Amino acid sequence: MMTYLKSLGKEISDSTKKLGILILLFVGFPFLSMWFAGAYYCEYVDDVAIAVLDEDNSSLSRQIIQYFDDNERFTVAYQVSDRKALQELIDERKVYMGLYIPDHLNDDIKAGIQSQVLILTDGTNVIIGNNIYAGAASIVQSVSAGASIQVLEGKGEMLEDMANNTALTFGFEERMLYDSKMTYMNYLIYGVMTVFLQQLMLSSMATMLSRNPEEVAKEHTLAQIAAKITLSGGILITSASFSVFLIHKKFNLIYNGSIFVALLMSILFAIAISVPGILLFSVTKKKTRFTQVAYMLSLPTFLTCGYVWPVDQMPPLLANIVRVIWPLMNYSRAFDEVMIKGLPLDVVKGNILGLLLYIMVGMPLAIYVFKKSFNSDLATSVARDIPATGEINM
């Protein structure tokens, strides 16, 4: 314990002399978090430019167009005269959706003949594509049901109530839990913050290990590495907590979680992510090479951690490999649901046990590889500095 406390004091003293690492640890997290959150300030994809081809030119078709133009998700930016022009506007990225209303739509509906309104969406951007498709489908279905009711009433075959019941066989009520507005802010920010913690923790560990790797490998290795993890993790988790507070106040980020559970998971993850950090540094041996590899891994580790794509929809072999070699899978999605859903400790105990197991197995291995790597370097360096016996001059 005394060795650990002495090492921690030395790390704190050394860090206060390095402005760069203090900026990285204290300022980096809030800066990156607020920058990212600012991109999603508007929360929704609104006022998407669309183009309309109206071949019917009837009161019904004009009503459909008006519905789209009045909806906050859409702006009717172009009205074209042929299908080629409609396609060109989408191809040239001037609009993200095309609305095609066929000729005789109004007459066909009055005659009881089925007709269709075509919605063309640009599927290259999944965020915009999903939003506008859902909004457009809702508008068209509403207009279609209303038109059917008017036809039934106009024919005099049914009274108003009966026409409504015929056109609308059943209704449904929708209730979205936790994030009723389905904002991208709440969907993305906690997951991205877990990656910020990962990358900043890796970077700070590389900086601290690069100061005196041979000294750390020589003696009291566990105590010295524990001191480095404590300083880096402590500052970054404090900085992350402050970032959550800022975004919650500024951008109304949802927060329903248990501080205890969130801190416990974050502390365990900070220790766990140090394991691949120590291993990578033992292999690369240079901070520059380490940084290149670490940041190269940031995107694939996030995409395969179960946050943006469910683990149960991934190939089982890939999911198991990622779970064994990288701890983010046991942290990112679980942390998000703790913060938004307020999941209790009992629900995420599997993730906590996974992080603990990763630390218990990985940390001894990482320290062994680190000692092996830098003790070998130290021995080689000493051997080069000592001349052969026959060359010593008395």
For LYS285 paired with LEU264, estimate the spin-label separation in nm (one decimal), with each label point 7 Å from Cα along the Cα-to-Cβ line.
4.2
Please compute the per residue accessible area over the range 170-298 with all protein chains in place, 1.4 Å probe, rounded to a whole number of Å².
46
Which percent of the accessible area of the range 184-246 is formed by carbon and sulfur heavy atoms (probe 1.4 angstrom)?
69
Length gained when the stretch VAL324-VAL126 is fully extended (0.36 nm per residue, less Cα-Cα span):
68.2 nm
Amide H partners (placed H, <5 Å) of ARG73, local residues excluded:
ASP47
Which one of ALA226, ILE254, LEU197 has its Cα pushed farthest toward the positive end of the charge dipole of the range 187-273, where Lys and Arg give +1 and Asp and Glu give -1 at the Cβ?
ILE254
Using a Förster distance of 30 angstrom, determine the FRET efficiency expected from the C-beta separation of HIS104 and ASP46, and round it to 0.05.
0.35
Between VAL52 and residues 5 or more places away or on another chain, the pairs with built amide H atoms under 5 Å apart involve TYR78, GLN79, VAL80, LEU99
For THR121, what residues show an amide H to amide H distance below 5 Å, using hydrogens built from the backbone and excluding near sequence neighbours?
GLY98
Ordering THR301, THR230 by the accessible surface of their heavy atoms, 1.4 Å probe, largest first, yields THR230, THR301
Contact order normalised by length for the range 173-262, with contacts defined as Cα pairs under 8 Å and 6 or more residues apart; what percent is it?
34
From the phi angles alone, apply the Karplus equation (6.51, -1.76, 1.60; θ = phi - 60°) to the range 345-352 and give each ³J(HN,Hα) in whole Hz, x where the residue is Gly or Pro.
4, 4, 6, 9, 5, x, 5, 5
Subtract the Cα-Cα distance of ARG211 and LEU5 from 0.36 nm times their separation in residues, and report this length gain in nm to one decimal.
72.3 nm
Tell me, what is a quarter of the convex hull surface for the C-alpha atoms of the range 188-230, in nm² with one decimal?
3.1
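The values are calculated or read from the model by the stated rules, or taken from the named source; none is laboratory data. What you see is a predicted model, and the numbers here were worked out from it, not measured in a lab. Using ideal geometry, Cβ is built from the backbone for each residue, glycine included, and neighbour counts are taken over all protein chains shown. These accessible areas exclude ligands, DNA and RNA; they are computed on the full protein's heavy atoms, side chains included. Shrake-Rupley method; radii C 1.70, N 1.55, O 1.52, S 1.80 Å.
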